[in-house]
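The values are calculated or read from the model by the stated rules, or taken from the named source; none is laboratory data. Quantities reported herein were computed from a predicted structural model and do not represent experimental measurements. Neighbour counts are summed over all protein chains in view; Cβ atoms, including those assigned to glycine, are modelled from backbone coordinates with ideal geometry.
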Amino acid sequence: MSLPAAGRATDTPATAVSVWPVRPVPFAAHIETIGQVEPFQGVTLSPEIAGRITELDFDSGANVRKSQLLLVLNDAPEQGELIRQSGELRAAEADLARARSLIRTGVESHEDLETATARFEAAKGNVARVQAVIDQKHIRAPFDGAVGIRRVNLGQYLNPGDAIATLTSYSRMRVNFILAEENAASVQLGQTVHLTFDTTPGQDFTATVTTIDPRIDGSHTLSIQALLDAPPADLHPGTYAHVSIAAKVAQRLVVPETAVTYTAYGETLFVEQPSTDGPTVTATAVRAGDRRNGWVVIDDGVKPDDRVVTSGQNRLVTGMKVREIPEVLPMAGLRELAQ
């Protein structure tokens, strides 16, 4: 639809403008949604049994390795018990060796050997039980990661389940997001999604869809999880992510985004019209769609091979003569529209 002329301008010299021939290109529609980051591994460290802290080997914010000792609860009684039970184990082991030797000579019976074996196994179990309690009182990092704020101090008494600190692995991150039911077919396992974060403006990251909930929930949305293998160093769990998912690719009419004039009344383009006195332009109302990489889809108002003004349109009115000048356009961004 052509807009009315703002005034007669046909007698003025031709205005220099750049133009772009409208043509269909492969364009991947993108579904945009918001996700939230969670660590690939993250726990709140806490003791399994009660005790007083006698050794504290980490501080807030420390980077720790898997199995690194973080703190020790008072294990003096268990260490004493371990010495006693280890002595009984050695004695039971010696009795068992003697019984095995004597049974070959007929001095000991099979019943005596079974009794010695049972005593040895019981002693071994007692040592393992005490050692397990000691291990429970030696709290170690279950995986590599960064410790959060330490919530305990040396000498403090802890009960089972009391929070010591959080431990988070930052080597990989998960991003959880949801899609509306009608977009469920647009995502598949192994698909690449694009992520941006407000904390890292201007940077684009990719993640791989690893989990799709098999059920649509009561709000008619589908829960999805993607894995981010190389997160930025300053990305924290809980951060919001802008998620972009490429849907089906179709041929769409696109123009440089600089060609579109946005007003309160809608979007317009200046379309070049052939004339015996030289080309003129007509302001044309259009319906703009998706925008990406400096290009915008035109859903209505232009047709293939129309030539639209991409720069200099701020000096134009309908009917004005124009002359074309070259312009360098972001062709790399045009090629990426199919991704």
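Can you confirm whether residue 68 is under 44 Å from the mean Cα position of the chain (by Cα), in the same structural domain as residue 187 (by TED's automatic domain parsing) and either over 30 Å from residue 132 (Cα atoms) or surrounded by 12 or more Cβ atoms within 10 Å (Cβ to Cβ) (or both)?
In short, no.
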- Item | Candidates 154, 158 - the one that is surrounded by 15 or more Cβ atoms within 10 Å (Cβ to Cβ) and either under 30 Å from residue 220 (Cα atoms) or over 22 Å from the mean Cα position of the chain (by Cα) (or both) | 158
- Before we move on, is residue 255 in contact with a strand residue (DSSP E or B) (Cβ under 8 Å, 6 or more places away or on another chain) and modelled with pLDDT of 85 or more? yes
- Message: Going by what's in this entry, would residue 237 be described as touching a residue at least 24 places away in the same chain (Cβ under 8 Å), touching a strand residue (DSSP E or B) at 6+ places or on another chain (Cβ under 6 Å) and within 27 Å of residue 289 (Cβ to Cβ)?
- Response: no
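Yes or no, residue by residue, for (1) assigned by TED's automatic domain parsing to the domain that holds residue 227; (2) outside any loop (DSSP other than H, G, I, E, B); (3) at pLDDT below 90; (4) of a type outside the set (S, T, N, Q):
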| residue | (1), (2), (3), (4) |
| --- | --- |
| 131 | no, yes, no, no |
| 135 | no, yes, no, yes |
| 139 | no, yes, no, yes |
| 142 | no, no, no, yes |
| 151 | no, no, no, yes |
| 179 | yes, yes, no, yes |
| 201 | yes, no, yes, yes |
- Query: Can you pull out the strands (runs of 3 or more DSSP E) entirely within region 1-56 that have at least 1 residues that are closer than 30 Å to residue 193 by Cβ, at pLDDT below 85 and of a type in the set (Gly, Ala, Ser)?
  - Reply: 23-45
